[in-house]
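Reviewing the structure listed below.
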Amino acid sequence: MQKLFVLVIGLSVITLRTQAQTIDAARLARMSPAELEAWKKGMLQQASSKAKRLAAQYNVKLDETMLPDFEAKAPIKDLQRLELLRGPVRSMTQLTADLRKTERQLQQLTPPAVIAQVKTMSEKQSGDELQGSAIGQWMSDNPVQALLLSMASAQKSPDRILPWNNLAAFYNMTGMEHKAVPILQQLLQRAPGNPMLLNNLGQAYLGLGDIGKAKDYLRQCLAVDEFHPEANRSMAMIAAFDRQYDEAMSYYEKELQIAMRRSSIAQIKKMGRTVDLAAIRNRRKDIPHRDLFTEIGLEKFHIPDLPRSSEETAKWRSERNALLKSISREFAFWSQVGNLSDKERRQDGQQTPGLYADLADKLLSDHGDEYAPLLGLIGKADTAALGGMTRDYYKKLNEALCPTAPLDPQRGAELALAYRKKCCDLHRPIVDAYMAQHNDYIENRLTLTIANWKSYINGCIDIVSIAPSNAAKKSIYKIVADYFGFLFTALSTAVADEAPPAECMVNLTTEEADAIIAAKHEFELDCPEWLKVKFEAMAVTLQADCSKFSIIGGEGILAGVEKNFKKGTLTISAGVGEQANFKGLVQANMSLMGYVSFDNDNNFSDFGVKGTSVVGTSIGGLNGSAQLGVHAGFNAAVNGKGILKNLVNLSTQ
């Protein structure tokens, strides 16, 4: 019946939306803001009114606090029923007589088949078992059976508090608060200060519209049990009646530490407030936490020490590549097992959502929102910091001009190698300093981000444990796969693993290179003393004699030679930096450097792209007992026209 009713309600809302869409757009365009607001309010009232009519027609309880036009208003004081409560506290004998009278009235209105079913259960079950059966019938939306079984339980255990309390709670939740009050008053004489009894008595007076007495008993309950969910929720509603929203929020937050109801969340939103359920739940010290991160061995994937110099690059790449193979296999495994099979989908579809399904959904949503910006390796501030390091690195490389090898016809090749070694000594410290600075930063970010992933995964486990299902389990597997995807991307792209500069690929030590460069190479002409030559052509002068040989020229030639060869190896590069934020879930930083290199003789040497690309993605059982206590809550249900409505009418006569 409930599923059919929900479907009907959904269709009615869709119908109203369709009607709204067919209204003349030009007419809407002509409306003032006030007129549009009034039109919207009218449409919502239509939807709510239809829902209430259907609830009454099918005798189905409807939580009016969930309706779009609901406004928190104090129940009207029911003077007629409150008058019935005058007089001293009733004795158990009087209460038993009243119970039997109400039972007969209810049986007269109930189909014989239901009466027979209840009678069979009452004969076979103990008082404690009947309490559990009554609660089960209530949860199955069978309030008549629940009431009859609860009455049977109370009569089987006339001297026990719990069966009578539960009967009073059912009275409250079926609109017969005036029958609950005498029972609870009697029970409180036997167990003063009992928070369950105090709450239920407060709820009874709230349903009768006596706000003063309701607040008195609810406050007594909270003085004993600060986090009682029903008492806190009703006190929040009472505060909201008077537009005392700060006070209402203080009660709602205590309620939400124990239980989560969509209706409470809806009321918080209607008050214009927000609430962080994950943060509220984390205040609970009694919630057990699992370390799944360690249980499934995620900590075994040890990341090798990041290289701090170009000499360590080859070793790092070898260790990193071996680790990436393992990470790739893990990513593929967890991605595969994270897919729901058709059988698992059918199993989930056939199961009724658990009591905490809504809570789990909301907590997962809030948990994801909290950790989304924390699971990426590189954020905006990191992009700026790393970009500054990279720009400074290439600037220093470009400014570190290699010395030019002098022309030496006899030992030119040897000198070229020596000067390449000197250039290596100039460039290698710049490369190593950049790698140390960059990788220190990345290693700190990795440590922090991996810790965030651990907290995120373990938090997800805590949450889905309260509403386990195949889909919930598979969602955890997918999150683990995401973690391995994060590791693969980070280790593949974020680490600076520069190879030693090309000029360092020579088999010379610095000392050997210095010795070669220090050697003097003089050229002597074997010529007669009388020979002296001087030749001038344009801006060039060639002079020679037996003691000296020199070329003295103007800027045109010598400057050209110096320009071509003084700098040694030349690299022309162009860089591109780019940032992107994809829907807040993926942060990317790409730093690419294109380059073209020339050798000492200005011949083409090499070209390519070097740089980094960093992408970070963010993408419980219950302990039962033989005896169950029922705590009634604020009742915002529409009273139907069925059996219970008639019983309420009879009971007030």
**OP:** Evaluate the following for ILE461: is it in contact with a Lys or Arg (Cβ under 6 Å, 6 or more places away or on another chain) and assigned to a helix (DSSP H, G or I)?
**Re:** yes
Original post:
Right, ARG317: in a loop (DSSP other than H, G, I, E, B) and modelled with pLDDT of 90 or more or not?
Top reply: no
Original post:
If you take the residues in region 262-277 that are open to solvent by 60 Å² or more (accessible area, probe 1.4 Å) and at pLDDT below 80, which one is nearest to ASP246 (Cα to Cα)?
Top reply: ASP276
Subject >> Options ASN166, ASN172, ASN199; residue that is over 22 Å from THR93 (Cβ atoms), out of contact with any Phe, Trp or Tyr (no Cβ under 9 Å at 6 or more places or on another chain) and open to solvent by less than 20 Å² (accessible area, probe 1.4 Å) >> reply: ASN172
Original post:
If you check GLN125 against the conditions, is it touching a Ser or Thr at 6+ places or on another chain (Cβ under 7 Å), open to solvent by 10 Å² or more (accessible area, probe 1.4 Å) and more than 22 Å from GLY207 (Cβ to Cβ)?
Top reply: yes
**OP:** Kindly list, by first and then second residue, each pair from a residue in region 113-129 that is more than 13 Å from LEU148 (Cβ to Cβ) to a residue that is surrounded by 15 or more Cβ atoms within 10 Å (Cβ to Cβ), limited to pairs with Cβ atoms under 7 Å and residues at least 6 apart or on different chains.
**Re:** GLY127/SER153; GLY127/LYS156; GLY127/SER157; GLY127/PRO163
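Residue by residue, here is whether (1) within 25 Å of ILE268 (Cα to Cα); (2) of a type outside the set (Gly, Ala, Ser); (3) modelled with pLDDT of 90 or more holds:
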{"position": "LEU67", "(1), (2), (3)": "yes, yes, no"}
{"position": "LYS73", "(1), (2), (3)": "yes, yes, no"}
{"position": "GLN80", "(1), (2), (3)": "no, yes, yes"}
{"position": "ARG86", "(1), (2), (3)": "no, yes, yes"}
{"position": "THR93", "(1), (2), (3)": "no, yes, yes"}
{"position": "ALA97", "(1), (2), (3)": "no, no, yes"}
{"position": "GLN107", "(1), (2), (3)": "no, yes, yes"}
{"position": "THR110", "(1), (2), (3)": "no, yes, yes"}
{"position": "VAL118", "(1), (2), (3)": "no, yes, yes"}
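The values are calculated or read from the model by the stated rules, or taken from the named source; none is laboratory data. No experiment lies behind these values; they were computed from the predicted model shown. Ideal geometry is used to build each Cβ from the backbone, glycine not excepted, and the neighbour counts take in all protein chains shown. These accessible areas exclude ligands, DNA and RNA; they are computed on the full protein's heavy atoms, side chains included. Shrake-Rupley method; radii C 1.70, N 1.55, O 1.52, S 1.80 Å.
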